[in-house]
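Student: Sharing a structure here in structure tokens format.
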Amino acid sequence: MLPTDLLMHRFNGEELVPKRLTLDQQTLAIAADLIGLFQAAKGCSKGSLSQQLLELEGEETDYRLKRGLAHLLNGSFSTFETVSPLDPPMLRDRVFALSAEAVPSLAATQRTIATIADVLTQEFGHEVLTEQVESGLYADLPDNQILMNFDAPTPEALLHRYNLSQVQGVFYRASHLTINAHRNDPGQYKLLFRYVKLFQLMTYIEGDADHGFTLTIDGPTSLFKPSTRYGLAIAKLLPALLHVTKWSISAQLHLNDSYSGKSRQGRFALDSECGLVSHYPPGKTYDSMLEAGFVERWSKTKTPWRLEREVDLIPIPGSVMIPDFRVVHPDGRTFLLEIVGYWRPEYLKKKFSQVRQSGRDDLVLAVSERLNLEKAGVKIADTPARIVWFKDQLLPKTVLEVLDR
């Protein structure tokens, strides 16, 4: 993402409009030049690369655009590493301690470095050159780190990332957000809720998979003490939201006016027709081979029960539970199916605790016989859900027997 000083926006009344680049010949050429510069700088220091970027900016008025693109290339596509034959902090400790014993001068510095080289040669059992001491002394400073790898994006991908980053920057100063995720493919909801949980956002969720969900999120400026870290977490949610087919978002903003120096209120709105492109990978179709195999076998049965993937959200105090499947009968009966095949005790405790807190009487748990529930402190008799046991494969027949019972 972009730092605040590289964000560009304008106001249309109270509506904030972030900078968006068109993918025309001119902007694509700028992006290509910057990508080429990074490719040529492989093996060079970050300081040298920064100097080349300044020269590329020149006296042009679009320097903030170029700096923004370079910032993204630096942070998202480049790998800088410390390259030194000797440990820099160790060298500084040795050199500074010895230097304190002499009057500062060029000659004293050279003697100190030569002495350190001799001492290290004796300690390591191989020759340490004075040049190695000099080059390694500050090799770990950011400007001296070396560009070791550059995963070059296409110019189009870089411009898409820039446009997304400009919009993400809007949420740094949000005081309140509302996301409406309309009727979508059920698996998309699970991906969205996972990211909400991953970024630890204070979210109130309402709705259901048949009609859609409304997520109300407190922004960073609504906290007792505004948090830049929390604002960044909200901004990181946007690429995940782009994987949802139909959605809209509205935000109330608390901004500082750069001209008057006063704070002002603003608004921002966006929807699924925005044209932004996510760089987050799409969610997996299934969480495991176990789920995928179960779905494949179910499709071969002749049962009237219909299997739907991840369509219900069960509110749990302080969390949510998203069962793997919903099973629907033409006569209106429905059940939720959750597969419990993961063995870690912490996971099992949490999963069975969620089941108890859900208060649902339509939940079916498919539990692997290989799990050591006793070791995890789980008492299956206290679980208010129908239980289906399985070994290596979960068979539709065993689930259907429970549903029809």
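Student: Let me check I've understood the local charge: for D151, count other residues with C-beta under 14 angstrom from its C-beta, Lys and Arg +1, Asp and Glu -1. What total comes out?
Tutor: So the environment of D151 carries a net charge of +2.
Student: If you add up the charges near E369, with Lys and Arg at +1 and Asp and Glu at -1, over every other residue whose beta carbon is less than 15 angstrom from its beta carbon, what do you get?
Tutor: +1
Student: While we're here: What residues have an amide H closer than 5 Å to that of Y280, excluding those fewer than 5 places away on the same chain, when H is modeled at 1.01 Å from N in the peptide plane?
Tutor: Counting only residues 5 or more places away or on other chains, the set is empty.
Student: What are the lysines whose alpha-carbon lies under 30 Å from the alpha-carbon of K42, with same-chain residues fewer than 8 places away excluded?
Tutor: Hits, sequence-local ones excluded: K66, K236.
Student: Moving to a separate point now. At 222 nm, what value in deg cm²/dmol follows for the chain if DSSP H runs of at least 4 each add -39500 (n - 2.57) and the sum is divided by all its residues, to the nearest 500?
Tutor: -11500 deg cm²/dmol
Student: Under a crude label model (7 Å from the Cα following the beta-carbon direction), how far is L56 from H182 in nanometres?
Tutor: Simple spin-label model gives 4.0 nm for this pair.
Student: Let me ask you something else. At a 10 angstrom cut-off on C-beta neighbours, averaged per residue, how do the peptides 104-111, 16-23 rank from highest to lowest?
Tutor: 16-23, 104-111
Student: Which one, L336, S50, T115, projects farthest toward the positive side of the charge dipole computed for the chain from Cβ point charges (K/R +1, D/E -1)?
Tutor: After comparing all options, I get L336.
Student: Under the rule that an exposed site lies in a DSSP loop and has at most 11 other Cβ atoms within 10 Å, name the longest stretch of the chain with no chymotrypsin sites (Phe, Trp or Tyr not before Pro) of that kind, not counting the sites themselves.
Tutor: 1-223
Student: Next up: Hey, could you get me the Stokes-Einstein D for the range 110-152, Kirkwood radius over alpha-carbon pairs, 25 °C and 0.890 mPa s, rounded to whole µm² s⁻¹?
Tutor: Reported coefficient: 205 µm²/s.
Student: Which lysines have a Cα lying under 25 Å from the Cα of K379, excluding residues fewer than 8 positions away in the same chain?
Tutor: K349, K350, K351, K391
Student: Here's another thing I want to ask about it. Stokes-Einstein at 20 °C, 1.002 mPa s, Kirkwood radius from Cα pairs: D for the chain in µm² s⁻¹?
Tutor: The estimated diffusion coefficient comes to 82 µm²/s.
Student: If you don't mind, there's one more thing I want to ask. State the Cα centre-to-centre distance between the range 91-128 and the range 131-196 in whole Å.
Tutor: 42 Å
Student: I would also like to ask the following. Towards the positive end of the charge dipole of the chain, with charges on Cβ (+1 Lys, Arg; -1 Asp, Glu), say which of L241, T214, A102 has the farthest Cα.
Tutor: T214
Student: Which net charge results when you count Lys and Arg as +1 and Asp and Glu as -1 among the other residues whose beta-carbon is under 12 Å from that of R386?
Tutor: -3
Student: Taking GluC sites (Glu not before Pro) as exposed when DSSP calls them loop (any state but H, G, I, E, B) and at most 16 other Cβ atoms lie within 10 Å, what is the longest stretch of the chain free of them, the sites themselves excluded?
Tutor: Answer from the scan: 128-272.
Student: I would also like to ask the following. How big is the dipole moment of the chain about its Cα centre under a simple scheme where the beta carbon of each Lys and Arg is +1, that of each Asp and Glu is -1, and everything else is neutral? Debye, nearest 20, please.
Tutor: The calculation lands at about 1600 debye.
Student: Starting from 0 in steps of 10 Å, tell me what percent of the Cα-Cα pairs of the range 289-403 lands in each bin.
Tutor: Taking every Cα pair in the range 289-403, the percentages come to 13, 48, 33, 6, 0.
Throughout, read-outs are computed from the coordinates displayed, never taken from laboratory work. The structure presented is a predicted model; accordingly, all values stated were derived computationally and were not measured. Here the Cβ is made from the backbone with ideal geometry for all residues, glycine too, and neighbour counts use every protein chain on show.
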